[in-house]
Amino acid sequence: MDSKQFKGQKYKVGQTNVAKIVKQDFLAKGFNVRTYENNLATTSGLVKILEIISEKPNSERFVMRWDKNQQTADIDIYKGKNFRKDLWSQDGFKGHHPQIKQERNKERVFKLDIATPKGPIFKGLIKVAVHHKLRLEDSIGLHDG
């Protein structure tokens, strides 16, 4: 994902208010989960919600982020520091678009089911609420009588 695409947007998500795992059915051995509650957007507008990180260097890393176009969350794959969107189209990879299980009071519960050809990585539910920002601009003109 090109994080520069968010820069200059008048309407964007400013931060996560809630990013909480409410149910964890499975986490692959050698992976850790980190949630980003009250996480401010970067200057480019990227809002991280959750990361699933391998303990092995240069292994897959999964980042759940807010998708401004769809107004929902997406999962991105990184190998090392490289963004690897192409992996989602390969056999055995799944989980790019989490399913919304519940929506109430501006909070959404997403079902995550992330896998690679080596097997499942994470299965569970995460509650997410984001804070939207709106940038307003105005100008005043002066005219000589």
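The values are calculated or read from the model by the stated rules, or taken from the named source; none is laboratory data. Keep in mind the model is a prediction, meaning the values are calculated, not measured. Please note: Cβ atoms are built from the backbone with ideal geometry, for glycine as well, and neighbour counts cover all protein chains shown.
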>> For the stretch 42-61, check the following and say yes or no: at least one residue is at pLDDT below 85, loosely packed, with under 13 Cβ neighbours inside 10 Å and farther than 19 Å from F110 by Cα.
In response: yes
Quick check: anything in the stretch 87-98 at pLDDT 95 or above, in a strand (DSSP E or B) and within 20 Å of the chain's Cα centre (by Cα)?
-> yes
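Hey, any hits in the stretch 99-116 for a residue that's more than 19 Å from I21 (Cβ to Cβ) and assigned to a strand (DSSP E or B)? Spell out the reasoning first.
Residues of the stretch 99-116 more than 19 Å from I21 (Cβ to Cβ): 116.
From what is left, the residues that are assigned to a strand (DSSP E or B) are 116.
Checked against the condition, which is being more than 19 Å from I21 (Cβ to Cβ) and assigned to a strand (DSSP E or B), the stretch 99-116 yields at least one hit.
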Query - Residue in the stretch 32-39 that is within 23 Å of R108 (Cα to Cα), crowded, with 17+ Cβ neighbours inside 10 Å and without any contact (Cβ under 8 Å) to a residue 24 or more places away in the chain present - result: yes
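Going through the stretch 86-98 one residue at a time, which ones are exposed (fewer than 12 other Cβ atoms within 10 Å of the Cβ) and either in contact (Cβ under 8 Å) with a residue 12 or more places away in the chain or basic (K, R) (or both)? Spell out how you get there, then give the answer.
At the first step, the residues of the stretch 86-98 found to be exposed (fewer than 12 other Cβ atoms within 10 Å of the Cβ) are 86, 89-92.
Answer for the stretch 86-98, where residues must be exposed (fewer than 12 other Cβ atoms within 10 Å of the Cβ) and either in contact (Cβ under 8 Å) with a residue 12 or more places away in the chain or basic (K, R) (or both): Q90, D91, G92.
Can you name every residue in the stretch 61-79 that is at negative phi and free of Cβ contacts under 8 Å to residues at least 12 places away in the same chain? So that I can check it myself, show each step before the final result.
Of the residues in the stretch 61-79, the ones at negative phi are 61-70, 72-79.
Correct list: D67, N69, Q70.
Per-residue answers, yes or no, for (1) part of a strand (DSSP E or B); (2) under 18 Å from I21 (Cβ atoms); (3) basic (K, R); (4) in contact with a strand residue (DSSP E or B) (Cβ under 7 Å, 6 or more places away or on another chain):
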| residue | (1), (2), (3), (4) |
| --- | --- |
| R34 | yes, yes, yes, yes |
| T43 | no, no, no, no |
| L46 | no, no, no, yes |
| E51 | yes, yes, no, yes |
| P57 | no, no, no, no |
| R61 | yes, yes, yes, yes |
| R65 | yes, yes, yes, yes |
| N69 | no, no, no, no |
| A73 | yes, yes, no, yes |
_Can you find a residue that is outside any loop (DSSP other than H, G, I, E, B), basic (K, R) and at pLDDT below 95 anywhere in the stretch 135-144?_
no
Filter the stretch 10-31 for residues that are over 23 Å from G119 (Cβ atoms) and loosely packed, with under 14 Cβ neighbours inside 10 Å; the one that is modelled with the lowest pLDDT is Y11
